[in-house]
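See below for the structure under consideration.
The values are calculated or read from the model by the stated rules, or taken from the named source; none is laboratory data. These figures come from a predicted structure and were not determined experimentally. Positions of Cβ are generated from backbone atoms using ideal geometry, with glycine treated the same way; all protein chains shown enter the neighbour counts.
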Amino acid sequence: MSRCVVVAGTDTGVGKTVFSAGLADALGGAYWKPIQSGLVDGTDSETVAALGRLKSHRIFPEKWRLRTPISPHLAAQIDGIVIELEQVTPPETSLPLVIEGAGGLLVPLNFRQTFADLIATWSHPVVLCSRTSLGTINHTLLSLEAMRRRSIRVLGVVFIGAVDAGVARTISEIGSVSILGNLPPLDPLTPDALRKAFADNFDPSEFRAD
Ligand SMILES: Nc1ncnc2c1ncn2[C@@H]1O[C@H](COP(=O)(O)OP(=O)(O)OP(=O)(O)O)[C@@H](O)[C@H]1O
Ligand SMILES: C[C@H](N)[C@H](N)CCCCCC(=O)O
Ligand SMILES: [Mg+2]
């Protein structure tokens with residue numbers, strides 16, 4: 001069984017892909033995006049390969065590549081596909097594997113099941129990426145609740161952006177969760193800047209699960 005960590009988010013666009021690139025690079029690991037919706041503007045796998053400097057053998061092909069950049073269940077419908085959870089199994093690898101979700105935790109994969117339901121079928125722990133703008137306390141606590149009611153193991157929360165100390169403490173205390181670090185806004189966002197920010201702000205051993 002591979003050592004896997006799932007990178008989930010409180011929403012789409014919170015920074016899961018950027019964080020995943022930094023994490024896969026720091027762990028010397030591999031990356032897998034099981035369900036990609038939207039192909040025209042580049043895929044998350046392509047972004048991770050470039051930002052994390054991962055050669056092709058460290059990027060596993062997506063299980064589903066859906067053409068339209070919308071919720072996976074609707075994108076699948078457009079492509080004439082029904083996503084079945086039992087068909088989405090992490091690839092075998094001797095490398096630590098970073099698995100990126102699609103959107104937020106309750107994004108539907110079909111008309112009955114969500115990404116959180118998929119994670120719950122695996123035994124792999126989750127890192128929750130949270131934004132730092134106003135509203136993140138609510139989104140983060142809701143996401144933690146959704147995982148706990150499915151008995152998903154949560155390694156902790158990472159903030160993407162500049163986080164307020166009071167907000168981080170509130171989430172940690174009310175959510176009974178570890179804060180694993182904060183990836184600051186990077187400008188420019190380059191592989192070197194990401195590697196340095198990751199080294200400065202995270203301890204990779206905290207993500208070595210399983
Ligand atoms: N630390 C950062 N510094 C600068 N820009 C960032 C940072 N993190 C994320 N971004 C930018 O924010 C946008 C959204 O990030 P990203 O694609 O990682 O989100 P996501 O959570 O993976 O979204 P999706 O649900 O589509 O997979 C991208 O344009 C990305 O380059
Ligand atoms: C297309 C986008 N980049 C993501 N991969 C999918 C986001 C789905 C969000 C659905 C929703 O929560 O309303
Ligand atoms: Mg992404």
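Details
- Boolean, residue 59 is of a type in the set (A, V, I, L, M, F, W, C), more than 24 Å from residue 191 (Cβ to Cβ) and within 16 Å of ligand 3 (Cβ to nearest atom): no
- Top-ranked residue in region 75-92 [being part of a helix (DSSP H, G or I) and in contact (Cβ under 8 Å) with a residue 12 or more places away in the chain; ranked as surrounded by the fewest Cβ atoms within 10 Å (Cβ to Cβ)]: 86
- Options 77, 87: the member that is at pLDDT below 95 and more than 12 Å from ligand 1 (Cβ to nearest atom): 87
- Taken together, 148, 65 contain a single residue that is within 16 Å of ligand 1 (Cβ to nearest atom), in contact with a strand residue (DSSP E or B) (Cβ under 8 Å, 6 or more places away or on another chain) and charged (D, E, K, R), which is 65.
- Within region 178-210, the set of residues being surrounded by fewer than 16 Cβ atoms within 10 Å (Cβ to Cβ), polar (S, T, N, Q), modelled with pLDDT of 95 or more and not in a loop (DSSP other than H, G, I, E, B) comprises just one member, 201.
- Against the test of being in contact (Cβ under 8 Å) with a residue 40 or more places away in the chain and either over 20 Å from residue 21 (Cβ atoms) or surrounded by fewer than 17 Cβ atoms within 10 Å (Cβ to Cβ) (or both), the options 161, 135 yield a single qualifying residue, 161.
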